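Taking it in order: structure first as structure tokens, then the write-up.
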Amino acid sequence: MKIKQSKAGDAPAGEINLFEIENKFGTTVNITNYGGIITSIQTRDKQGNKDEIVLGFDNPMEYLKDDYISNCPYLGAVVGRYANRIKEGKFTLNGKTYELCINNAPNHLHGGPNGLHQKTWKAEPFHSEDRAGVKLTITSPDMEEGFPGNLKVEVIYTLTNQNELVIDYHATTDKDTHINLTNHSYFTLNGCNEDVLAHQLVVYADHFTPKDETDIPTGDIVCIKDSPLDFMTPTPLGDRIKDVAGRGFDHNYVINGIIGDLRPAARVWDEKSGRTLDFFTTEPGFQLYTANYLDGSFGRGNKKFQQHYGFCLEAQHYPDSPNQPNFPSTLLKAGKTYEQTTIYRFGILD
Ligand code: BGC
């Protein structure tokens with residue numbers, strides 16, 4: 001397999017490049033070192049026609065524009081140092097209370113405004129016969145966005161000839177800290193031609209973490225059966241979206257099986273195009289988010305990104321874990337290594 005590199009422009013922290021990869025199925029994945037953003041994924045439908053299956057911009061420099069940054073939908077980006085919310089932007093570690101930015105009042109969201117999603121990462125492309133990708137690295141300095149420890153982060157994107165996009169994460173710190181990394185791609189299996197509410201979803205998660213009105217978990221872990229979140233059997237995303245509080249799904253599922261094992265978390269498909277997406281991760285949970293805050297302000301060409309025009313499957317630890325003693329811990333001890341593997345597998349219905 002091959003990988004093509006081109007320069008898109010310059011940012012204050014260095015050159016912005018675009019990496020384009022294609023596999024034997026004709027699946028293409030484009031990644032930029034700005035924010036570690038997946039800018040484009042194109043796959044074939046059941047007729048063999050290629051189309052975009054993620055929301056993003058062709059030119060990486062679009063992500064640096066002020067109106068995009070102030071709206072900040074995190075399209076396709078690596079999110080950290082702590083993806084999702086931390087209650088009131090505070091946690092106590094080794095007897096010390098750390099204060100983070102409140103950028104989603106009254107809470108901290110997605111690592112803060114200067115999070116990993118808008119850093120210029122160092123990029124090293126690689127390729128072999130049946131895979132190609134790019135290794136992205138960055139160091140987030142001690143106390144950046146309020147988090148302790150110099151955190152060295154490595155994100156490796158690999159497209160394979162098994163038609164999988166594999167995302168491997170590694171991180172180390174020199175002081176105890178909390179960490180929760182994810183990728184924030186918005187998928188659209190219909191080529192962004194309409195909303196995704198007719199997509200069928202099945203989750204391999206029997207439980208979820210209920211939340212309060214500010215989206216902070218109550219600490220309970222509850223069975224999804226017969227709730228609007230019950231996707232134990234395949235159900236269109238739109239069937240019960242009106243039954244959840246707020247603008248749509250924005251909920252953390254507790255994935256079945258053993259944390260740390262790479263296991264299926266969800267499967268989504270679109271009958272019309274025939275496209276399927278299988279989602280695997282080693283993480284304890286994932287956020288199902290149905291692009292509730294997109295409003296058509298951005299788009300690719302003439303295709304505007306409207307509300308519910310995408311869905312995110314964000315592999316993660318549960319929100320607010322630093323303050324929730326009964327959740328799996330997000331503590332990364334000094335000298336230890338954080339690891340995650342997440343896979344999005346592309347396919348076509350039989
Ligand atoms: C969160 C949403 C948030 C969105 C921002 C999602 O991961 O769960 O609450 O509005 O990111 O794009």
Chain lengthening between ILE258 and THR235 when straightened (0.36 nm per residue, less Cα-Cα): 5.8 nm
Percent accessible area from carbon and sulfur atoms, the range 226-350, protein chains only, probe 1.4 Å: 49
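About the Cα centre, and with charges only on the beta carbon of Lys, Arg (+1) and Asp, Glu (-1), how big is the dipole of the range 236-350? Nearest 20 debye, please. Present the calculation step by step, with values, prior to reporting the outcome.
On the way: 13 positive and 13 negative charges, 60 e Å.
In total the dipole reaches around 280 debye.
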Listed residues ILE343, ILE216, ASN302: farthest to the positive end of the dipole of the chain (Cβ charges): ILE343
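Starting with the highest mean, order 153-164, 283-294 by the number of other Cβ atoms within 10 Å, averaged over the residues of each peptide.
Working: 153-164: 19.9, 283-294: 22.7.
By packing density, highest mean first, the sequence is 283-294, 153-164.
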Carbon plus sulfur fraction of accessible area for the range 20-76, probe 1.4 Å, in percent: 41
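Once fully extended, how much extra length lies between ALA245 and GLN307, figured as 0.36 nm per residue of separation less the alpha-carbon to alpha-carbon distance? All intermediate terms of the calculation are to be shown ahead of the outcome.
On the way: separation 62, 0.36 × 62 = 22.32 nm, distance 1.56 nm.
Result for the pair: 20.8 nm of gain on full extension.
Suppose R0 equals 30 Å; then what is the FRET efficiency for GLN47 and ASP206 from their Cβ-Cβ distance, rounded to the nearest 0.05?
Values: r = 36 Å, r/R0 = 1.20.
With a Förster radius of 30 Å, E is 0.25.
Dipole of the range 158-229, Cα-centred, from +1 at each Lys and Arg C-beta and -1 at each Asp and Glu C-beta, to the nearest 20 debye? Show your work: numbers first, answer last.
Working: 3 positive and 12 negative charges, 31 e Å.
Its charge dipole is roughly 140 debye.
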Label-to-label distance, nm, for residues given as GLU213 and TYR293 (7 Å Cα→Cβ offset): 1.9
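Between ASP67 and LYS7, what length comes free when the chain is fully extended (0.36 nm per residue of separation minus the Cα-Cα distance, one decimal in nm)? Each step should come with its number before you reach the end.
Values: separation 60, 0.36 × 60 = 21.60 nm, distance 2.26 nm.
Stretched out fully, the ASP67 to LYS7 stretch lengthens by 19.3 nm.
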The range 223-336 - accessible surface per residue (Å², probe 1.4 Å): 40
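For the ranges 49-55, 7-13, what's the packing order if you count other beta-carbon atoms within 10 Å of each residue, average per peptide, and put the highest first?
Numbers: 49-55: 19.7, 7-13: 12.9.
Highest mean packing first, the order is 49-55, 7-13.
Report the charge-dipole magnitude of the chain in Debye, nearest 20, computed about the Cα centre from +1 at each Lys and Arg Cβ and -1 at each Asp and Glu Cβ. Write out the running numbers ahead of the final one.
Values: 34 positive and 46 negative charges, 94 e Å.
With Lys and Arg at +1 and Asp and Glu at -1, about 460 debye.
For every helix of n ≥ 4 consecutive DSSP H residues, a contribution of -39,500 (n - 2.57) applies; sum these over the chain, divide by its total residues, and give [θ] at 222 nm rounded to the nearest 500 deg cm²/dmol.
Working: 1 runs with 6 residues, N = 350.
Computed mean residue ellipticity for the chain: -500 deg cm²/dmol.
The values are calculated or read from the model by the stated rules, or taken from the named source; none is laboratory data. Everything numeric here is computed off the predicted structure, so don't read it as measured data. Glycine gets a Cβ as well: all are built from the backbone with ideal geometry, and neighbour counts include every protein chain shown. All accessible areas refer to the heavy atoms of the entire protein, side chains included, with ligands and DNA or RNA removed. Shrake-Rupley method; radii C 1.70, N 1.55, O 1.52, S 1.80 Å.
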